[in-house]
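S.K.: Okay, handing you the structure first.
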Amino acid sequence: MAQNIAITGMGIVSAIGMNVEENLMSLKGNKHGISKIENIDTILRDSIFVGEIKKINQELLDLLGVKEVVNNFSRTSMLGTLAVKEAIEDAGIDVRSENIGFINSTTVGGMDIIERYYNTFEFEKDEQHYIEVHDAGNNTNVICDYLGIKGMVTTISTACSSAANAIMLGARLIKSGRLDKVIVGGMDGLCKFTINGFNTLMILSDAHNQPFDDQRKGLNLGEGAAYLVLEAEESYTKRGKKPLAFLSGYANANDAFHQTASSENGEGAFLAMQKAFEVAGLDVGSIDYVNAHGTATPNNDLSEGRAILNVFNQNVPDFSSTKPFTGHTLAAAAAVEAVYSILSLREGIIYPNLNFETPMKEFDLIPNLQLKSKEVNAVLSNSFGFGGNCSSLIFVK
Amino acid sequence: MEKCFINGLGCVSSQETINDDFLKSPIDYSDAFLIPALKPDYKSFIPPAAIRRMSNGVKNSVVASAYAMKEANVTEVDGIITGTGMGCIQDSEKFLSKLIEYNEEYLTPTPFIQSTHNTVAGQIALNLKSKAYNFTYVHAGNSFQSALLDGMMKVQLDNKNSVLVGGVDEIGDHSLMLFRLVNIYKKEDEKNDIFYPQTPGAVMGEGATFFVLGNEKQDNTSAELLDVDMLSKVEDDNVPNYINQFLEKHNLVHDDIDAIILGNNGDVKFDHLYTKAEENFETAEKVYFKHLFGDFHASPSIALWIASNILKKQHIPEVLYRNIPRERKSSYKKVLIYTHYRGQDHSLILLSNV
């Protein structure tokens with residue numbers, strides 16, 4: 001039986017809110033954040049829907065109080081900083097005086113800036129300070145500089161499972177005794193690079209995404225950032241901090257099937273969930289809610305659905321995907337959904353899987369369709385990504 | 001806690017590192033303004049169609065990881081963990097320049113798929129049909145050390161007996177041009193002199209270096225990995241202190257270190273930190289490598305390859321010294337690696353002979 005890792009703080013920005021409480025209000029009020037894209041000038045404007053945060057970069061900088069015109073913030077690191085700031089305030093920790101760890105994750109880093117100036121950097125000296133944001137680690141360090149974080153810092157990039165893996169590494173670093181407090185999570189801002197990349201894969205929906213629906217047409221990309229503060233028992237007991245919840249299980253496995261697609265039987269997903277239960281020392285029957293990866297691509301939902309059925313021996317607990325609220329926020333997704341999982345434990349609520357109409361013909365799985373109140377003691381959260389990367393996390397009260 | 005051994009090495013770099021010679025015939029790059037990796041014989045490892053499709057970083061990684069696994073005598077692994085600063089930058093550039101040039105039209109998915117940072121780890125997993133733990137770190141100069149720390153924890157705490165850990169970066173023409181504009185890399189007329197830095201920036205290199213870590217000592221084991229440490233911010237004057245505290249944690253004093261490998265890269269703005277780092281090491285032999293390999297985010301993986309070789313072969317090639325020590329050590333028991341990236345993201349790696 002593994003030692004539990006406490007969560008003592010959390011922070012989030014997404015298309016449905018700029019902090020934890022705003023996100024909760026939206027989830028409770030069925031208020032989704034999916035819309036046409038406004039902040040990016042793309043030819044795909046009329047053919048896709050996204051989970052976009054309706055604030056332009058200058059508004060985000062104003063929220064951060066950044067006055068310098070010459071700064072190194074990308075949209076991604078602006079979102080990241082806002083969410084990290086909320087998480088450390090919530091945890092009540094002082095990153096300036098202690099060597100607190102920071103395990104960040106991103107898939108695009110500062111690509112929104114790079115794609116804007118790619119061909120003009122050479123001639124426009126005023127833009128050149130932005131060149132460094134092409135490097136993902138630089139985006140993490142910008143957050144460290146702003147908030148004064150100075151401990152062990154690193155950045156993970158494992159596509160759509162990135163934040164789950166950041167959370168997992170943080171937990172292992174605490175278990176190993178190397179750290180007693182660590183900020184973990186992920187961030188990604190929307191940019192043309194990602195939108196067009198997913199468009200070439202033909203997995204973007206031209207409507208609102210419908211996870212686990214037979215008529216699902218693909219995903220809506222989103223943007224956001226979310227972070228947890230993980231803390232060792234000795235540390236939060238000593239400072240008298242009451243944990244929000246505990247991370248009890250985590251695992252990562254590779255599907256080793258295809259560079260972008262999941263195997264049809266969801267073997268990697270199955271392995272990740274199974275190993276997470278082993279680490280947690282929990283029985284599958286103890287799970288009250290599954291926050292599915294549920295991207296609404298034909299491939300993911302079939303593969304994940306089969307894996308869930310296998311793991312739970314056909315007795316699947318309440319489950320839903322919250323991507324119809326936020327869109328798929330890529331590297332941030334697992335952290336966004338970790339925050340939602342913890343809110344589910346705290347509030348005793350199960351979120352609706354919006355936009356669901358028709359059960360899939362391959363199996364008999366119907367997600368939770370209405371906001372539901374019940375005692376929630378354990379939540380399983382899945383995140384799967386390109387490169388066959390599958391990760392599962394288990395949160396308990 | 002289990003011990004963590006380095007049981008296999010594979011290194012594709014600007015030197016003849018893929019064979020077992022430990023820099024016997026070093027190539028001189030003192031006049032170079034760019035130091036690309038030598039191309040290994042891809043054909044023995046990768047099907048011809050894939051050779052055309054894959055970027056250099058992926059190909060070099062496939063070859064380097066195959067060598068490391070062969071040396072460790074393993075055919076499957078319990079984890080694949082890579083560190084890369086810029087990921088598959090060649091494919092990123094391909095996708096991005098087309099996106100801009102054709103205003104988001106006529107794009108194809110392949111360069112996008114291959115542009116993701118975790119392409120290398122994913123590709124190796126696909127080749128090995130490995131469903132094991134699979135991670136990619138992208139934290140600039142600490143990308144590789146993050147992967148190494150993770151791999152070490154997998155071995156020491158989760159009792160894994162073969163974890164593949166690698167550091168890889170490739171040269172991308174457009175990003176190199178951009179990084180030169182802001183003095184991260186040296187301009188074309190600036191000399192590669194890591195011992196007497198004159199100008200800001202480093203000469204860019206590239207490479208892929210892989211290791212198999214395991215909890216069992218084998219005939220081919222080159223070293224024991226004792227610790228990896230990373231710290232984001234250290235004030236300049238505190239660098240010796242950071243090193244002291246690390247040594248104390250391991251009950252060591254400076255003179256216990258037989259060789260210290262330093263990441264001097266000829267950047268006049270930041271190399272003074274290496275001078276500070278050296279100052280308390282009176283007896284340790286000082287070893288440098290970036291004059292032979294150039295610099296890139298994952299270059300500390302080359303330092304680990306050198307450290308492993310020093311401990312295994314009990315020898316330091318002369319080309320790695322700034323000044324050849326008057327009295328060279330008769331044996332090498334402990335090797336320390338210190339690097340930082342542009343004044344932050346400091347790291348220490350400690351190894352012991354077996």
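The values are calculated or read from the model by the stated rules, or taken from the named source; none is laboratory data. Given the structure is predicted, the values throughout are model-derived calculations rather than measurements. When we count neighbours, we look across all protein chains shown, and the Cβ atoms used for this are built from the backbone with ideal geometry, even at glycine.
S.K.: Test B:LYS312 against the criterion of being in a helix (DSSP H, G or I) and surrounded by fewer than 24 Cβ atoms within 10 Å (Cβ to Cβ), and give yes or no.
M.R.: Judged against the criteria, B:LYS312 is a match.
S.K.: Look at B:LEU304 and say whether it is more than 11 Å from the chain's Cα centre (by Cα) and assigned to a helix (DSSP H, G or I).
M.R.: Judged against the criteria, B:LEU304 is not a match.
S.K.: Also, quick follow-up: Would you confirm whether any residue within region B:53-70 is farther than 30 Å from B:LYS187 by Cα and not in a helix (DSSP H, G or I)?
M.R.: No, every residue in region B:53-70 fails to be farther than 30 Å from B:LYS187 by Cα and not in a helix (DSSP H, G or I).
S.K.: Which pairs have Cβ atoms under 7 Å, sit 6 or more apart or on different chains, and link a residue in region B:320-332 that is within 20 Å of B:TRP305 (Cα to Cα) to one that is part of a loop (DSSP other than H, G, I, E, B) and of a type in the set (S, T, N, Q)?
M.R.: Every condition considered, the pairs that remain are B:SER331/B:GLN314; B:TYR332/B:GLN314; B:TYR332/B:ASN353.
S.K.: Just one of the numbered conditions (1) of a type in the set (Lys, Arg); (2) free of Cβ contacts under 8 Å to residues at least 24 places away in the same chain; (3) under 27 Å from B:SER330 (Cβ atoms) is not true of B:LYS217; which one?
M.R.: (2)
S.K.: Report whether or not A:VAL108 is in contact (Cβ under 8 Å) with a residue 12 or more places away in the chain and either in the same structural domain as A:ALA331 (by TED's automatic domain parsing) or buried (at least 24 other Cβ atoms within 10 Å of the Cβ) (or both).
M.R.: yes
S.K.: Now for a different question. Just wondering, is there one or more residues in region A:70-83 that are of a type in the set (Ser, Thr, Tyr) and within 12 Å of chain B (Cβ to nearest Cβ)?
M.R.: Within region A:70-83 (the criterion being of a type in the set (Ser, Thr, Tyr) and within 12 Å of chain B (Cβ to nearest Cβ)), the answer is no, since none of the residues qualifies.
S.K.: Also, quick follow-up: Return the residue satisfying two criteria in turn: it lies in region A:115-136 and is without any contact (Cβ under 8 Å) to a residue 24 or more places away in the chain and within 8 Å of chain B (Cβ to nearest Cβ), and of such residues it is nearest to A:SER162 (Cα to Cα).
M.R.: It comes out as A:ILE131.
S.K.: Separate question: Going residue by residue through region B:21-29, is there one that turns out to be surrounded by fewer than 24 Cβ atoms within 10 Å (Cβ to Cβ), among the aromatic types (Phe, Trp, Tyr) and at pLDDT 95 or above?
M.R.: Looking through region B:21-29, at least one residue is surrounded by fewer than 24 Cβ atoms within 10 Å (Cβ to Cβ), among the aromatic types (Phe, Trp, Tyr) and at pLDDT 95 or above.
S.K.: Going by the structure shown, is B:GLU318 away from chain A (no Cβ under 14 Å), under 21 Å from B:ASP193 (Cβ atoms) and of a type in the set (Asp, Glu)?
M.R.: yes
S.K.: For the structure I just gave you, tell me whether A:GLU52 is in contact (Cβ under 8 Å) with a residue 60 or more places away in the chain and closer than 23 Å to A:GLN210 by Cβ.
M.R.: yes
S.K.: Mind listing whichever residues of region B:268-287 are without any contact (Cβ under 8 Å) to a residue 60 or more places away in the chain and either in contact with a Lys or Arg (Cβ under 8 Å, 6 or more places away or on another chain) or of a type in the set (Phe, Trp, Tyr) (or both)?
M.R.: Result: B:GLU278, B:PHE281, B:GLU285, B:LYS286.
S.K.: Something else now. Can you name the number of the only condition in (1) surrounded by 21 or more Cβ atoms within 10 Å (Cβ to Cβ); (2) among the hydroxyl-bearing types (Ser, Thr, Tyr); (3) farther than 22 Å from A:GLY268 by Cβ that B:TYR137 fails?
M.R.: It is condition (3) that B:TYR137 fails.
S.K.: Out of (1) out of contact with any Leu (no Cβ under 7 Å at 6 or more places or on another chain); (2) of a type in the set (Gly, Ala, Ser); (3) at the interface with chain B (Cβ under 7 Å from one of its Cβ atoms), what's the single condition that is false for A:SER176?
M.R.: Failing condition for A:SER176: (1).
S.K.: In addition: Of the numbered conditions (1) buried (at least 24 other Cβ atoms within 10 Å of the Cβ); (2) more than 9 Å from every other protein chain (Cβ to nearest Cβ); (3) at pLDDT 95 or above, A:CYS160 satisfies every one except a single condition; which is it?
M.R.: Just one mismatch for A:CYS160, condition (3).
S.K.: Do you know which of the residues in region B:321-354 that are farther than 15 Å from B:ILE260 by Cα, surrounded by fewer than 21 Cβ atoms within 10 Å (Cβ to Cβ) and out of contact with any Ser or Thr (no Cβ under 7 Å at 6 or more places or on another chain) is nearest to the other protein chains (Cβ to nearest Cβ)?
M.R.: B:ARG342
S.K.: If A:LEU44 meets every condition in (1) away from every other protein chain (no Cβ under 14 Å); (2) surrounded by fewer than 22 Cβ atoms within 10 Å (Cβ to Cβ) apart from one, which number is that one?
M.R.: Checking A:LEU44 against (1) away from every other protein chain (no Cβ under 14 Å); (2) surrounded by fewer than 22 Cβ atoms within 10 Å (Cβ to Cβ), the one that fails is (1).
S.K.: If you scan region B:77-104, which residues turn out to be within 9 Å of chain A (Cβ to nearest Cβ) and among the β-branched types (Val, Ile, Thr)?
M.R.: If the condition is that a residue be within 9 Å of chain A (Cβ to nearest Cβ) and among the β-branched types (Val, Ile, Thr), then B:ILE80, B:THR84, B:ILE89, B:ILE100 are the ones that fit.
S.K.: Tally the residues that are within 7 Å of another protein chain (Cβ to nearest Cβ) and either among the charged types (D, E, K, R) or more than 16 Å from B:GLY85 (Cα to Cα) (or both), restricting the search to region A:139-156. Even if it seems obvious, please write down each step before you answer.
M.R.: Pass one, region A:139-156, residues within 7 Å of another protein chain (Cβ to nearest Cβ): A:140-141, A:144, A:149-156.
Next cut, either among the charged types (D, E, K, R) or more than 16 Å from B:GLY85 (Cα to Cα) (or both) only: A:144, A:149-152.
Matching residues across region A:139-156 total 5.
S.K.: With respect to the numbered conditions (1) surrounded by 16 or more Cβ atoms within 10 Å (Cβ to Cβ); (2) away from chain A (no Cβ under 14 Å); (3) closer than 23 Å to B:VAL165 by Cβ; (4) at pLDDT below 95, which one is the sole condition not fulfilled by B:SER13?
M.R.: (4)
S.K.: Within the bounds of region A:124-139, is there any residue that is within 16 Å of the chain's Cα centre (by Cα) and buried (at least 21 other Cβ atoms within 10 Å of the Cβ)?
M.R.: no
S.K.: On the given criteria, is B:MET177 at the interface with another protein chain (Cβ under 8 Å from one of its Cβ atoms), under 29 Å from A:PHE121 (Cα atoms), without any contact (Cβ under 8 Å) to a residue 24 or more places away in the chain and not basic (Lys, Arg)?
M.R.: Answer is yes for this residue.
S.K.: Whether any residue in region B:322-344 is in a helix (DSSP H, G or I) and among the aliphatic types (A, V, I, L, M) is what I want to check.
M.R.: No, there is no match, as no residue in region B:322-344 is in a helix (DSSP H, G or I) and among the aliphatic types (A, V, I, L, M).
S.K.: Shifting gears a bit: Would you be able to tell me the number of residues in region B:62-82 that are under 16 Å from the mean Cα position of the chain (by Cα) and within 12 Å of B:LYS160 (Cβ to Cβ)?
M.R.: Residues that pass the stated criteria total 2.
S.K.: With B:ALA208, B:ALA140 as the choices, which residue is touching a helix residue (DSSP H, G or I) at 6+ places or on another chain (Cβ under 9 Å), under 28 Å from B:ASP91 (Cα atoms) and within 12 Å of chain A (Cβ to nearest Cβ)?
M.R.: Numbers: B:ALA208 fails: within 12 Å of chain A (Cβ to nearest Cβ).
The match here is B:ALA140.
S.K.: To continue, here is another question. Condition check: without any contact (Cβ under 8 Å) to a residue 24 or more places away in the chain and under 23 Å from B:LYS290 (Cα atoms). Does B:LYS59 satisfy that?
M.R.: yes
S.K.: Could I ask something else about it? Test A:GLY80 against the criterion of being assigned by TED's automatic domain parsing to the domain that holds A:THR107, surrounded by fewer than 22 Cβ atoms within 10 Å (Cβ to Cβ) and among the small types (Gly, Ala, Ser), and give yes or no.
M.R.: Considered against the rule, which asks whether it is assigned by TED's automatic domain parsing to the domain that holds A:THR107, surrounded by fewer than 22 Cβ atoms within 10 Å (Cβ to Cβ) and among the small types (Gly, Ala, Ser), A:GLY80 comes out as no.
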